[in-house]
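Each remark here refers to the structure printed beneath this line.
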Amino acid sequence: EKYNHQTIAIGIAGDYKVKSLEPDLKLFMDQGHKIGWTIRCNTLRSLMKIDLDKNAAIGAGIIKNDSITEYQRRIGAVLGEFPGKTVNKLMDELTSIPIALQDVVVAALAPSAEGKDIIFKKVRKGEILPRALAQARTEELILMNASAKQQKEFEELTADLGPISQEKQLAIEKRLGVFESLDRKKLSLDSGELVFEQNCATCHKLGGQLGIGPQLDGIGKTGARGLIEKILDPNRNISKAFRNYTIKMKDGSVKSGLFRRDEGASKVFADLGGKEFTVANKDIAEQKLSKYTLMPDSFESTISEKDFNLLVNYLLSL
């Protein structure tokens, strides 16, 4: 009964923009996980009705800093109820967005023309993966009232998405189920770090260092599901910045690598081991962007289940 009364009171405060109750509503939000997700979401909604410009930042802060994905998703959905300049600005400021939250961020941005452009910019920068655009709900939101230019950009950004393998998905669900059944306190971080060094460190660096693959500081925010998807099906969600190029040479030979930079009349690529090689522009017959990343998709068989669990646990600690 108390919960129902609180919910009604919170709703009335927002609907009638009772500014004098704003401090009390903020106290509800400050209680963190001591109260339920639903009442906190209702509280944020009322705060945003009272003063959108000031209080929307509370929701953005939760998306950025909280550790419970489902709570972040619900808060993101509340922000999405208030599309426009304020929410667009806050979403634009998010740069490290876990895969599990990307569709929520896209949905919050998609209703406005400015928000659509922010989405496309984030995809080009690698902050949002193209597949987040192609989900049924987000695709519908993006294309609704989109300009011809925006429709074309959407098509270009999602053109190379391949189908999701059912076999890979079953493997992901199986590994996730096993990992979530474990007591993580019994998994050694040192052992997990060793698995990382043996299998991942050639391409992925920590401590702000640059490698051939994405930098992994803070990757733990991706969550267990997101990490297992990345490891077992690396081609599912690829930023164009980490797509592989196939380079056909005029002498008939074929090279493969990740584009790093232009150097005068040459291009510099990196191979699977991270070693750079240079190709003269005059010797290139064709350069084609591959649908696949350099990251192997064979870790399901090359890393034992025990080591796999140690690796995921270690990555969650980053």
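Just to verify a result, which residue in the range 20-40, among those that are of a type in the set (A, V, I, L, M) and closer than 24 Å to GLN72 by Cβ, is modelled with the lowest pLDDT?
Here the answer is ILE35.
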*In the range 75-85, which residue that is surrounded by fewer than 19 Cβ atoms within 10 Å (Cβ to Cβ) and either in a helix (DSSP H, G or I) or among the aliphatic types (A, V, I, L, M) (or both) is nearest to the chain's Cα centre (by Cα)?*
ALA77
*asked:* For the range 211-225: of the residues being of a type outside the set (D, E, K, R) and exposed (fewer than 15 other Cβ atoms within 10 Å of the Cβ), which is modelled with the lowest pLDDT?
replied: GLN215
*asked:* Take the conditions within 18 Å of THR293 (Cβ to Cβ), open to solvent by 60 Å² or more (accessible area, probe 1.4 Å) and in contact (Cβ under 8 Å) with a residue 12 or more places away in the chain and apply them to ILE172. Does it pass?
replied: no
*asked:* Looking only at the range 89-105, filter to residues that are aliphatic (A, V, I, L, M) and assigned to a loop (DSSP other than H, G, I, E, B); which one of those is nearest to GLU127 (Cα to Cα)?
replied: ILE97
*Taking ILE228, is it in a loop (DSSP other than H, G, I, E, B) and surrounded by 11 or more Cβ atoms within 10 Å (Cβ to Cβ)?*
no
*Inside the range 196-205, can you point out the residues that are open to solvent by less than 50 Å² (accessible area, probe 1.4 Å) and either outside any loop (DSSP other than H, G, I, E, B) or touching a Cys at 6+ places or on another chain (Cβ under 8 Å) (or both)?*
PHE196
*Just one of the numbered conditions (1) at negative phi; (2) open to solvent by 50 Å² or more (accessible area, probe 1.4 Å) is not true of GLY208; which one?*
(1)
*Select from the range 246-295 the residues that are modelled with pLDDT of 85 or more, within 28 Å of PRO163 (Cα to Cα) and of a type in the set (Phe, Trp, Tyr) and list them in ascending order.*
PHE259, PHE269
_Count of the range 109-122 residues which are closer than 21 Å to LYS64 by Cβ, part of a helix (DSSP H, G or I) and open to solvent by less than 10 Å² (accessible area, probe 1.4 Å)_ = 4
*Only one of GLU180, GLU193 is open to solvent by less than 100 Å² (accessible area, probe 1.4 Å) and under 14 Å from ASN309 (Cα atoms); which?*
GLU193
*Could you identify the single residue in GLY76, GLY84 that is on the phi > 0 side of the Ramachandran plot and touching a residue at least 12 places away in the same chain (Cβ under 8 Å)?*
GLY84
*Restricting the first residue to the range 228-250 and requiring it to be over 16 Å from PHE299 (Cβ atoms), which pairs with a second residue that is acidic (Asp, Glu) and at pLDDT 85 or above meet a Cβ separation below 8 Å and a spacing of at least six or different chains?*
ILE247/GLU286; LYS248/GLU286; MET249/ASP283; LYS250/ASP283
*Sole residue being within 30 Å of ALA136 (Cβ to Cβ), open to solvent by 30 Å² or more (accessible area, probe 1.4 Å) and either outside any helix (DSSP H, G or I) or among the charged types (D, E, K, R) (or both), chosen from LYS26, LYS64, LYS54*: LYS64
*asked:* Name the residue that is least open to solvent (accessible area, probe 1.4 Å), counting only residues in the range 123-140 that are acidic (Asp, Glu) and part of a helix (DSSP H, G or I).
replied: GLU139
*Checking LEU289 against (1) open to solvent by 20 Å² or more (accessible area, probe 1.4 Å); (2) over 25 Å from GLN135 (Cβ atoms); (3) assigned to a strand (DSSP E or B), which single condition isn't satisfied?*
(2)
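Could you list, in sequence order, all residues of the range 259-318 that are among the aromatic types (Phe, Trp, Tyr) and more than 30 Å from SER181 (Cα to Cα)?
Result: PHE259, PHE269, PHE277, TYR292.
Going by the structure shown, is LYS17 assigned to a loop (DSSP other than H, G, I, E, B) and either closer than 18 Å to VAL78 by Cα or in contact (Cβ under 8 Å) with a residue 24 or more places away in the chain (or both)?
The answer is yes for LYS17.
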_Please verify whether GLY126 is at pLDDT 90 or above and within 25 Å of THR222 (Cβ to Cβ), treating the condition exactly as stated._
no
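The values are calculated or read from the model by the stated rules, or taken from the named source; none is laboratory data. These numbers come from a predicted model, not from an experiment. FYI the Cβ positions are ideal-geometry reconstructions off the backbone, even for glycines, and counts take in every protein chain you see. Keep in mind that these areas ignore ligands, DNA and RNA; they rest on the heavy atoms of the full protein, side chains included. Shrake-Rupley method; radii C 1.70, N 1.55, O 1.52, S 1.80 Å.
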